[in-house]
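The values are calculated or read from the model by the stated rules, or taken from the named source; none is laboratory data. Note that this is a predicted model, so its numbers are computed, not measured. In this analysis, Cβ positions are derived from the backbone assuming ideal geometry, glycine residues included, and neighbour counts consider all displayed protein chains.
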């Protein structure tokens, strides 16, 4: 029997949207205090949960994969609470949003609720990351390493720093978009895919990911256009035919969907056979 959650999916969705607004408010207050964009700062935060063990797991995750300084799990009324302090990171609107959403999501995955976060940062924060041109590869590699550890905020932050050092590398924009998609920041990811494509108009992977982004947002016609572009660059891509077929089916074009699934199967995508059998009799 599945155990009833303390922090439900409905509550998570509501808080997710609230945290996007709150991150913007916190950033505005920081700027109003004289904080300089991209100065280094730390944030403290608090999580609560019904089960102590869940918070202990979250504590271990943040201590090992995020290098956060974590306190002890302690009782709070009929719940348990966990407090911690982030590692130092360069703060702007984008980085703060990714950091806040990342810890919110990680907490939700372990049925722990982010109760709040804050910082004492202000005009006195006058240290910045080293953004010399020679550091570009280092930040890109750090971003990839953080991605592999599923530390999505650190990954996004390091890709952001790489972009600030050299803002015409389409791979940095594309990679940061993937991270934002993993944080469910759909429109923010879309903007990064757009920039990657602007810099590299034949960037097939960026078109594919942007198409999937649009598909998942229910924008089927726009997704189909991106899949069309990919097929103009790579006419024998079985996976794209299959995905375009799914997109056409959801937009009401059953005939077009069946044609695409058939072509995908001809190109070796055996998984398309199931769709053909189910929808194209």
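Summary table
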{"quantity": "Inter-residue pairs, beta-carbon under 9 Å, first assigned by TED's automatic domain parsing to the domain that holds residue 247 and farther than 10 Å from residue 247 by Cβ and in region 224-235, second crowded, with 18+ Cβ neighbours inside 10 Å and at pLDDT below 95, 6+ apart", "calculated": "none"}
{"quantity": "Selected residue (criterion: nearest to residue 131 (Cα to Cα)) from residues of region 63-78 that are surrounded by fewer than 16 Cβ atoms within 10 Å (Cβ to Cβ) and more than 21 Å from the chain's Cα centre (by Cα)", "calculated": "69"}
{"quantity": "For residue 187: the one exception among (1) surrounded by fewer than 23 Cβ atoms within 10 Å (Cβ to Cβ); (2) part of a helix (DSSP H, G or I); (3) not assigned by TED's automatic domain parsing to the domain that holds residue 202", "calculated": "(3)"}
{"quantity": "Among the candidates 37, 19, 78, 88, residue that is more than 27 Å from residue 127 (Cβ to Cβ) and outside the structural domain of residue 192 (by TED's automatic domain parsing)", "calculated": "78"}
{"quantity": "Checking residue 164 against (1) in a helix (DSSP H, G or I); (2) over 28 Å from residue 81 (Cα atoms); (3) without any contact (Cβ under 8 Å) to a residue 60 or more places away in the chain, the condition it does not meet", "calculated": "(3)"}
{"quantity": "Matching option when the condition is closer than 21 Å to residue 185 by Cα, assigned to a loop (DSSP other than H, G, I, E, B) and either in the same structural domain as residue 181 (by TED's automatic domain parsing) or without any contact (Cβ under 8 Å) to a residue 60 or more places away in the chain (or both), among 218, 268", "calculated": "218"}
{"quantity": "Some residue of region 221-239 being closer than 18 Å to residue 181 by Cα, surrounded by 17 or more Cβ atoms within 10 Å (Cβ to Cβ) and out of contact with any helix residue (DSSP H, G or I) (no Cβ under 6 Å at 6 or more places or on another chain)", "calculated": "no"}
{"quantity": "Number of the exception - residue 96 against (1) crowded, with 17+ Cβ neighbours inside 10 Å; (2) in a loop (DSSP other than H, G, I, E, B)", "calculated": "(2)"}
{"quantity": "One residue from 28, 11, 60 being over 30 Å from residue 145 (Cβ atoms), exposed (fewer than 13 other Cβ atoms within 10 Å of the Cβ) and within 24 Å of the chain's Cα centre (by Cα)", "calculated": "28"}
{"quantity": "Hey, residue 196 touching a helix residue (DSSP H, G or I) at 6+ places or on another chain (Cβ under 8 Å) and within 23 Å of residue 109 (Cα to Cα) or not", "calculated": "no"}
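This table checks each residue for (1) touching a helix residue (DSSP H, G or I) at 6+ places or on another chain (Cβ under 7 Å); (2) over 21 Å from residue 158 (Cβ atoms); (3) modelled with pLDDT under 95.
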residue	(1), (2), (3)
24	yes, yes, no
40	no, no, no
48	no, yes, no
57	no, yes, no
63	no, no, no
